[in-house]
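The values are calculated or read from the model by the stated rules, or taken from the named source; none is laboratory data. A quick note: this is a predicted structure, and the numbers were derived from the prediction, not measured. Every residue, glycine among them, receives a Cβ derived from its backbone with ideal geometry; neighbour counts consider all protein chains shown.
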Amino acid sequence: MRWEPYTAVYQKYSGQNAHFDPSSFAQNIHSTIYPNAPAGMFFSGDKQYACGNYFNCPVWAKFFPRVGLAFDPQGDGRMVIRAAFGMFGDRMSMLSLSQEQFGAPFGNLLSVAGSTLINPWSSYGGLKGFTQPGQNPMPVLASLQGLGVVSPSIPFPNFGTYVTSPLTDFHPQYVNQWNLSIQRQFGQNWLVTANYLGTTTIHLPGAEDINESVIVPNTAGTALGVCPPGVVAGCNATSNQNQRRVLYLQNPAQGQYYAGVGLLDVGGTASYEGLYVSAQKRLSHGLTLLSNYTLSHCISDPWAQNPTGAGVEIPYNRRQWRANCIGSDQRQLFSLNMVATVPKFSGKALRILASDWQVAPILQIKSAQEFSLLAGPDRALSTVPGQPASLVNPTAIYPANQSVNNWINTSAFAQPALGTYGNLGLNNLKGPGVFQLNMALSRSFRMTESKSIQLRAEAFNLPNHLNPFTPGIAPINTTLFGGQVNLNASAPGRITNDISGNNGLLPGDYRVVQMAMKFVF
């Protein structure tokens, strides 16, 4: 089975970030498969498309060397030093670029600004040759689009949304990894390990909107963010964002077909360094133990798992939002796993009641969770999502009486000025740490040679310790997305979720005790 996605792509790119080249926009290049496609657009199967049926051109000429060594300095097998370096290639997952199917001719995602809930299409200019201005174009588009079937004569709507990738200079992602490890055995039962690991990620996939809205000379004479009724050009507001897009300003006749155009950006990088120290005791005298501590830091450009027309980074400036890795930057982590068995007592009563119990605690302590404070509305008037707030008082970020109801001082932050991005950055505010202690208690009572009864009790979050998340709404998968809160939200400094992300509902992070009995025969 071969996956064969199709995508609309531009004819020419230039620059480090593979941005759209305005000089090609006026060229009269049309798709040979879809005659109604706007100039400058073509698809897989067109003669201009050099990648066959692939979203990205296949790249095979890659060399990923790997080397490693192990050394026993004393020659007695009680100490070993290991070091290694390797390069590892990776490809985007099959579904990571599925958003491109939402745009014409395979989907019908449109961008309409300045409408109302009473009539969402009141400001829409109509589907040329099919619908009048102000009419809903979706029924017509749906009648020409079906699962696996697209009409060659399908119309391309005004301000359609697209996702594309660079035709030239495409590079698959790869990772450089190096490590150094020292292990030493002490006595017969103790093993101590120290590991250092470093990585750099090259060609990390990101995404930017190469047809973003820009600030124009405000000839309407009104403040930023305000447009007089009926004015769609010459002023700056969210209501005329499509008329302020780059391609529309260059050529309104052709630019009217494009809203957000998300470009896969393969120029991102990331880095990680971590130190891992562990001590392990093998089972002896009824005790086995594994304890470890990790100190690490991860930094990354914005990463796009599934690029959309809006992108995840500021156009032409991916580095401005370079930050702690969202969802995976855990600075400090301590864990302890232990199993202890109570010895046999000589007295009959104690031997029956107290001998052979097993206690197994699992302890985890994590440093602060990180989160982003966003402006909320589109303050830059650029349609770029996830814009951070501005920090105006760096010395008063966290209150002295910090609590779940007052985790950050909102007075230390402000909305960015209209037409600008905030200076705060992403994922750089500290939330609460995490303390988790689970415990298991068990014992087997032998009845006969072949029959026994096992009793077991388990407690999760034994001390019933509250582990809050960060301010704002916890995403479904905090590992991938981390915490986010908007400055214009109600009480943005308040924490309303625990780390389970369920507002205290099942399976919330509160104490759970369960008991079991098993008969073995």
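Before moving on, here are some points about what is shown:
Quick grid of which residues meet (1) assigned by TED's automatic domain parsing to the domain that holds Gly129; (2) more than 30 Å from Thr201 (Cα to Cα); (3) modelled with pLDDT of 80 or more; (4) touching a helix residue (DSSP H, G or I) at 6+ places or on another chain (Cβ under 7 Å):
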position	(1), (2), (3), (4)
Pro5	no, no, no, yes
Gly15	no, no, no, no
His19	no, no, no, no
Asn28	no, yes, no, no
Phe43	no, yes, no, no
Asn56	no, no, no, no
Asp72	yes, yes, yes, no
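Residue by residue, here is whether (1) in contact with a Leu (Cβ under 8 Å, 6 or more places away or on another chain); (2) more than 30 Å from Arg245 (Cα to Cα) holds:
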{"site": "Met338", "(1), (2)": "yes, yes"}
{"site": "Ser355", "(1), (2)": "no, yes"}
{"site": "Ala375", "(1), (2)": "yes, no"}
{"site": "Ser382", "(1), (2)": "no, no"}
{"site": "Pro432", "(1), (2)": "no, yes"}
{"site": "Met439", "(1), (2)": "yes, yes"}
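- Considering residues of the range 309-342 that are among the hydrophobic types (A, V, I, L, M, F, W, C), within 13 Å of the chain's Cα centre (by Cα) and within 30 Å of Leu110 (Cβ to Cβ) only, the residue modelled with the lowest pLDDT: Ile326
- Against the list (1) crowded, with 16+ Cβ neighbours inside 10 Å; (2) closer than 20 Å to Arg245 by Cα; (3) modelled with pLDDT under 80, the condition Ala37 fails is (3).
- Selected residue (criterion: nearest to Val384 (Cα to Cα)) from residues of the range 217-246 that are part of a loop (DSSP other than H, G, I, E, B) and of a type in the set (A, V, I, L, M): Ala237
- Of the candidates Ile495, Ile473, the single residue that is surrounded by 15 or more Cβ atoms within 10 Å (Cβ to Cβ), assigned by TED's automatic domain parsing to the domain that holds Glu370, modelled with pLDDT under 85 and within 24 Å of Gln369 (Cβ to Cβ) is Ile473.
- Index of the failed condition, Gly126 passing every other in (1) touching a residue at least 60 places away in the same chain (Cβ under 8 Å); (2) on the phi > 0 side of the Ramachandran plot: (1)
- Restricting attention to the range 134-185, the residues that are of a type in the set (A, V, I, L, M, F, W, C), part of a strand (DSSP E or B) and either under 30 Å from Leu204 (Cβ atoms) or outside the structural domain of Leu204 (by TED's automatic domain parsing) (or both) total 4.
- Residue list for the range 147-189, restricted to those being surrounded by fewer than 16 Cβ atoms within 10 Å (Cβ to Cβ) and touching a Cys at 6+ places or on another chain (Cβ under 7 Å): none
- Filter result for Ser296 (at pLDDT 95 or above, of a type in the set (S, T, N, Q) and more than 20 Å from the chain's Cα centre (by Cα)): no
- When residues in the range 383-397 are screened for being hydroxyl-bearing (Ser, Thr, Tyr) and touching an Asp or Glu at 6+ places or on another chain (Cβ under 8 Å), 1 of them pass.
- Listed by position, the strands (runs of 3 or more DSSP E) enclosed by the range 307-378 that each have at least 2 residues that are closer than 22 Å to Pro205 by Cα and in contact (Cβ under 8 Å) with a residue 40 or more places away in the chain are 370-374.
- Single condition Leu249 does not satisfy, out of (1) more than 16 Å from the chain's Cα centre (by Cα); (2) in a strand (DSSP E or B); (3) not hydroxyl-bearing (Ser, Thr, Tyr): (2)
- In the range 435-473, of all residues being part of a strand (DSSP E or B) and among the polar types (S, T, N, Q), the one that is nearest to the chain's Cα centre (by Cα) corresponds to Gln436.
- Just one of (1) exposed (fewer than 15 other Cβ atoms within 10 Å of the Cβ); (2) under 30 Å from Ser213 (Cα atoms); (3) over 24 Å from the mean Cα position of the chain (by Cα) fails for Phe345. It is (2).
- Subset of the range 86-144 that is small (Gly, Ala, Ser) and under 26 Å from Cys57 (Cα atoms) - its residue that is surrounded by the fewest Cβ atoms within 10 Å (Cβ to Cβ): Ser93
- Inspection of the range 256-276 finds a residue satisfying the criterion of being assigned to a loop (DSSP other than H, G, I, E, B) and either modelled with pLDDT of 90 or more or not assigned by TED's automatic domain parsing to the domain that holds Arg331 (or both).
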